[in-house]
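Accompanying notes for the structure given below.
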């Protein structure tokens, strides 16, 4: 399991009405390699609004159709539910993911130097 891996999860957590949902792993590698039981993931939805917290993904990443990663909806998902790997984000999409996460969490480089 790596940051940027896309998984199809049955019976997604929360009040999701769908039987399956796609998620991308956003946790740092150290957490994924640890004994910690969950990973932080961002859901993938078929709608795309062009927000700075969304990343356009599609067939090239292993999905059935064009979709978007929504970094405003982060969830902690048990690692044992992340078993159905369907694709991975390429390096340029991983950079976009980092930027979208920073935007979602309002983390700005000029504020890191307190």
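Readers should treat all values here as calculations from the given coordinates under stated rules, not as data from a laboratory. All figures in this text were calculated on a predicted structure; none of them were measured in a lab. All Cβ positions, even for glycine, are placed from backbone atoms using ideal geometry, and neighbour counts span all protein chains on display.
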Gaussian network model of the chain, Cα springs within a sub-10 Å range: biggest mean-square fluctuation belongs to which of 18, 28, 88?
18
Most fluctuating residue given options 49, 92, 20, as computed from a GNM of the chain linking Cα atoms under 10 Å
92
Structure-based [θ]222 nm, the chain - -39500 (n - 2.57) summed over DSSP H runs of at least 4, per residue, nearest 500
-5000 deg cm²/dmol
Based on the alpha carbon coordinates of the chain, what radius of gyration and maximum Cα-Cα distance (Dmax) apply, in Å?
13.8, 45
Under 13 Å from the 7 Å Cα→Cβ point of residue 84, by amide nitrogen: which residues of the range 1-20?
7-13, 18-20
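Grab the Cα-Cα distance for residue 64 and residue 92, subtract it from 0.36 nm times how many residues apart they are, and report the gain in nm with one decimal. Can you show the working numbers first?
Numbers: separation 28, 0.36 × 28 = 10.08 nm, distance 2.03 nm.
Length gained between residue 64 and residue 92: 8.1 nm.
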With the crude spin-label approximation of a point 7 Å out along Cα→Cβ, what separation in nm comes out for residue 20 versus residue 76?
2.8
